[in-house]
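The values are calculated or read from the model by the stated rules, or taken from the named source; none is laboratory data. Computed from a prediction, not measured in an experiment: that's the story for all the values here. In this analysis, Cβ positions are derived from the backbone assuming ideal geometry, glycine residues included, and neighbour counts consider all displayed protein chains.
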Amino acid sequence: MQKYCALLLFFIFIYSAQSEVAVKSGDTLTLVYQDSIRKSKFFKQLGNGFFPTKYIDIDLRYLIKYNQYEGIRTGLGGRTNDQLSDKYRMNGYLVYGFKDHKYKYSIGGGFRLSKASSTWVNWSYTDDLQETGSSTFLTDKRFFSFFEPRLLNISLFHHHITKSISLEHRITPYLLSDTNLSRSNIDPTYDYTFFVDDTVFEKFRMSIAKISLQWNPFNTFEKVDDVVVEKEGFPNFTLQVSKSFKGVLDSDFNFTKVDFRTIYKLDHNTQGSSFSEASLTGGLAKGQIPLTNMYHAYPNNINKLTILNRFSVAGINSFETMYFNEFFSDRFATLQLKHHLKPFHISKHFQPQVVLISRFALGNMSAIDRHQGITFGTLSKGYSEAGLELNKIILGFGLSFAYRYGAYHLPKLTDNVALKFTFNLSL
């Protein structure tokens, strides 16, 4: 409870700071406009997770976090900004886990080859933890939340030391690409053994090449104050292919992964306050793949006895009734449907909103007996849950309810129910 109370106080402080926008009566219209622009840029940076200074933007993602393995994780990170150089950049972070008593860090940088095509060459060296079964796209935009709901309860991490070099390039205004070459040493922090061709692996080395393409055919561009602003359009599509090469830089395995995602959003009014959205995600992995590089379906339910003991924070695109480490797959697909009803305008500062949600997942795994030391199931029968959220009840907080039904419905009724709170705050 202490960590939730501390988070609550922090959010109240942020909300209060956001609300205090004062204009002196003696200011001219020009000064008021300029001050408004500065504040807008500041809050946009803050909303992206950066506290801007003259030459360095402090990365708020590393200030404080909490998970089951590290306990409290705190540190400092940042990046150089365009005031220092628009052709070169540096970034990095240093954090410490109070439960595992270990430092983690990353350092990286890049240089620009072409401004017109936003072409950058980047490099990085990272010594940190990663959630087992997690999967991300290289071309994904930076996502920041004041706290990451799933992170609070994740327990299955692997330690990795990764050296990488990458190339970002905008092929067309609507097509982005990111190519990455990496070499990693991976050591699971839990009891796990991987068997391949009568060989036992408890730690492994991987050399992986990735290419990611983000196609946004319906994006629009407009000029605002001599700056071209890109507005997201729907549907959009992401494709990523990963290939691990056995024997290259002592890599242990050969495997291939193909990941795909498409997102569609339909506005029901001109203000954009009522809308529907659908997200379809899939992945296929073939070859000698340890559990660290498999897929989960973003579960977000704690393995505890009662509903109240499982009370936590709902994620954005996670399965709220699926228990952590319950399922893993080497091929999977998920479909998530959300319908945001028009907010109830009860007062200026009290406008709660109902969101109806349905989620589905399907998956399976070949050669499951290769993975020893951890017990899990597959999604071969199809997983279903439905629920609703009542958001922005007070200070951005709301409530979430989800129910698990279908083939993976559990015998005890309350084990199928997830009751959580939500947090939505826009800067």
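Residues are listed down the side, and each one gets a yes or a no for (1) touching a strand residue (DSSP E or B) at 6+ places or on another chain (Cβ under 8 Å); (2) crowded, with 19+ Cβ neighbours inside 10 Å:
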residue: Asn180; (1), (2): yes, yes
residue: Asn185; (1), (2): yes, no
residue: Asp191; (1), (2): no, no
residue: Asp198; (1), (2): no, no
residue: Met206; (1), (2): yes, yes
residue: Ser212; (1), (2): yes, yes
residue: Asn219; (1), (2): yes, no
residue: Lys223; (1), (2): yes, no
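Tell me whether the range 182-197 contains one or more residues that are of a type outside the set (S, T, N, Q) and in contact with a Gly (Cβ under 6 Å, 6 or more places away or on another chain). Within the range 182-197 (the criterion being of a type outside the set (S, T, N, Q) and in contact with a Gly (Cβ under 6 Å, 6 or more places away or on another chain)), the answer is yes, since at least one residue qualifies. As for the range 239-262, it holds no residue that is touching a His at 6+ places or on another chain (Cβ under 7 Å), under 27 Å from Ala361 (Cβ atoms), of a type outside the set (Phe, Trp, Tyr) and part of a strand (DSSP E or B).
What about Phe319, is it surrounded by 17 or more Cβ atoms within 10 Å (Cβ to Cβ) and either at pLDDT below 90 or closer than 30 Å to Val196 by Cα (or both)? It is false that Phe319 is surrounded by 17 or more Cβ atoms within 10 Å (Cβ to Cβ) and either at pLDDT below 90 or closer than 30 Å to Val196 by Cα (or both). Each residue in the range 249-263 was checked for being farther than 13 Å from Arg331 by Cβ, loosely packed, with under 15 Cβ neighbours inside 10 Å and without any contact (Cβ under 8 Å) to a residue 60 or more places away in the chain, and 1 pass. A count restricted to the range 279-298 and to residues that are in a strand (DSSP E or B) and either basic (Lys, Arg) or in contact (Cβ under 8 Å) with a residue 60 or more places away in the chain (or both) stands at 3. The one condition from (1) surrounded by fewer than 20 Cβ atoms within 10 Å (Cβ to Cβ); (2) in contact with a helix residue (DSSP H, G or I) (Cβ under 7 Å, 6 or more places away or on another chain); (3) at pLDDT 95 or above that Leu425 does not meet is (3). When restricted to residues that are surrounded by fewer than 20 Cβ atoms within 10 Å (Cβ to Cβ) and under 23 Å from Ala386 (Cβ atoms), the range 327-352 contains 10. Quick check: anything in the range 405-416 in a loop (DSSP other than H, G, I, E, B), closer than 24 Å to Leu280 by Cβ and hydroxyl-bearing (Ser, Thr, Tyr)? Yes, that holds for at least one residue.
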